[in-house]
Amino acid sequence: MQAIVLVGGEGTRLRPLTYGTPKPMVPIVNVPFLARTMERLHEAGVRDVILPAGYMPHAITDYFGDGSRLGLRITYVIEDTPMGTAGAIKNVEQHIHEPFFVLNGDILTSLDLRAMMEYHHQKRGLGTLHLIRVEDPSAFGCVVHDPSGRISAFVEKPKRSEAPTDEVNAGTYLFEPEILDLIPSGRNVSIERETFPKILADGLALYAYTTNDYWMDIGRPENYLDAHRDILSGAMPLRLEPGITGNGASALQDVAVVPPIHVAAGAHVGAGAHLGPNVVLGPGCTIGERAVIKDSVLWDDVRVGEGARIDGSIIASGSSIGAGATISAGSVIGHHTEIAAGQVVEAGARIGPTAPLAQAT
Ligand code: GTP
């Protein structure tokens, strides 16, 4: 079984984080998201992974190399211009020779890929799409199917009152190679808007595979924080790197901890600090005395001064928050950004680089 992971998007909604780290490499509890996806693919028996990339590809190729460290064979295909979700698949056609998964590079899910494979083999369609149920489908692509699972219609982002179903496209697909014949080459093609409707119009069979799995698109800052909260609470099962979690907090001397938290080995937290709930500290973080941090994710090598307060925010690698500064909820601070001592950052602020950094990580 082969897999394509789509990793070429610019990740505009996560800016300024994605000016220093492409979205697939954004850390999820201190491990690049794509590394976690690769692990899932390996566990499902996939050995051959194709990565259509384009935006900051070196951050990806430098980390994974040929994939052998993970027991995978990775092929990179770099796009000069974005090809879109189906165009990117067509563009790697020469590497596909058997049924293959396609994964969006920004979906955190507990979906069992092997079970999806079995379902696909039973149904024998041209493709199988993973669906989940959501309360409000208006921001998603609704997928209508009959009791056998055969898909009859796609309705992109309907008004809530007009949504034909609460089942939506969850961004994991399993296709037979013949689907490649239905995608035009050499131009940008959207799988949702163009390829899926064409398959139905041609009378070919796509099947829905609906599950109750955990599912989160990490491509927006609030979702990224929600994903961390859900991992720390155990709602999304994920293996964590060694570190200090809420209950092992005796390792944090004179620190007031409200679990759950995850502090990378080697991070340092000063006396009198308050951590939690829902805090992740990356390797090399240094937290000053009496600092107060809750509902936030700090990447590696972030320095927080004495008495600073951080609430509901994301702070990227190498940044520094001055003593007594306040970072209010919903803020996103990009790489290598200095917040001055005593500065008050208003809720929802985006501060940091304003263009891609030369040295992406
Ligand atoms: P936003 O700009 O914040 O919408 O993020 P994005 O650019 O990643 O777009 P979106 O979230 O819609 O993309 C879904 C998935 O498809 C992500 O994993 C992207 O990396 C990937 N993707 C989107 N467009 C392209 C493309 O043109 N080429 C490739 N190779 N991947 C793409």
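Of all residues in region 149-184, those satisfying the criterion of being touching a residue at least 40 places away in the same chain (Cβ under 8 Å) and part of a loop (DSSP other than H, G, I, E, B) are 149, 176, 183, 184. Within region 155-179, being at negative phi and either within 16 Å of the ligand (Cβ to nearest atom) or among the β-branched types (Val, Ile, Thr) (or both) holds for 155, 156, 165, 168, 169, 170, 172, 173, 175, 179. For region 174-228, what are the residues that are within 19 Å of residue 113 (Cα to Cα) and among the small types (Gly, Ala, Ser)? Selection gives 208 alone. Residues of region 205-244 being more than 21 Å from residue 43 (Cα to Cα) and small (Gly, Ala, Ser), which ones? Residues satisfying the conditions are 205, 208, 219, 227, 233, 243.
Go through 193, 187 for me and flag whichever is within 16 Å of the ligand (Cβ to nearest atom), open to solvent by 30 Å² or more (accessible area, probe 1.4 Å) and without any contact (Cβ under 8 Å) to a residue 40 or more places away in the chain. Spell out the reasoning first.
Numbers: 187 fails: without any contact (Cβ under 8 Å) to a residue 40 or more places away in the chain.
After applying the criteria, what remains is 193.
Can you pull out the residues in region 77-118 that are buried (at least 18 other Cβ atoms within 10 Å of the Cβ) and without any contact (Cβ under 8 Å) to a residue 40 or more places away in the chain? Listed by number, the list holds a single entry, 77. Looking across region 31-54, the residues that are touching a Gly at 6+ places or on another chain (Cβ under 6 Å) and surrounded by fewer than 21 Cβ atoms within 10 Å (Cβ to Cβ) come down to 42, 54. Based on this model, can you work out whether residue 252 counts as open to solvent by less than 20 Å² (accessible area, probe 1.4 Å), modelled with pLDDT under 95 and away from the ligand (no atom under 16 Å from the Cβ)? It is true that residue 252 is open to solvent by less than 20 Å² (accessible area, probe 1.4 Å), modelled with pLDDT under 95 and away from the ligand (no atom under 16 Å from the Cβ).
Please work out which residue is surrounded by the most Cβ atoms within 10 Å (Cβ to Cβ), limiting yourself to region 1-30 and to residues that are away from the ligand (no atom under 12 Å from the Cβ) and under 20 Å from residue 102 (Cα atoms). Can you show your working first?
Within region 1-30, the first condition is being away from the ligand (no atom under 12 Å from the Cβ), and the residues that meet it are 1-3, 16, 19-21, 27-30.
Now restrict to residues that are under 20 Å from residue 102 (Cα atoms): 1-3.
Details: 1: 16, 2: 21, 3: 24.
Checking each candidate, the answer is 3.
When region 151-184 is limited to residues that are open to solvent by 50 Å² or more (accessible area, probe 1.4 Å) and among the small types (Gly, Ala, Ser), the one that is farthest from residue 79 (Cα to Cα) turns out to be 161.
The values are calculated or read from the model by the stated rules, or taken from the named source; none is laboratory data. From a predicted model like this one, the values you see are computed outputs, not experimental measurements. Every residue, glycine among them, receives a Cβ derived from its backbone with ideal geometry; neighbour counts consider all protein chains shown. The protein model used for the area step is the full one, side chains on, heavy atoms only, and it has no ligands, DNA or RNA in it. Shrake-Rupley method; radii C 1.70, N 1.55, O 1.52, S 1.80 Å.
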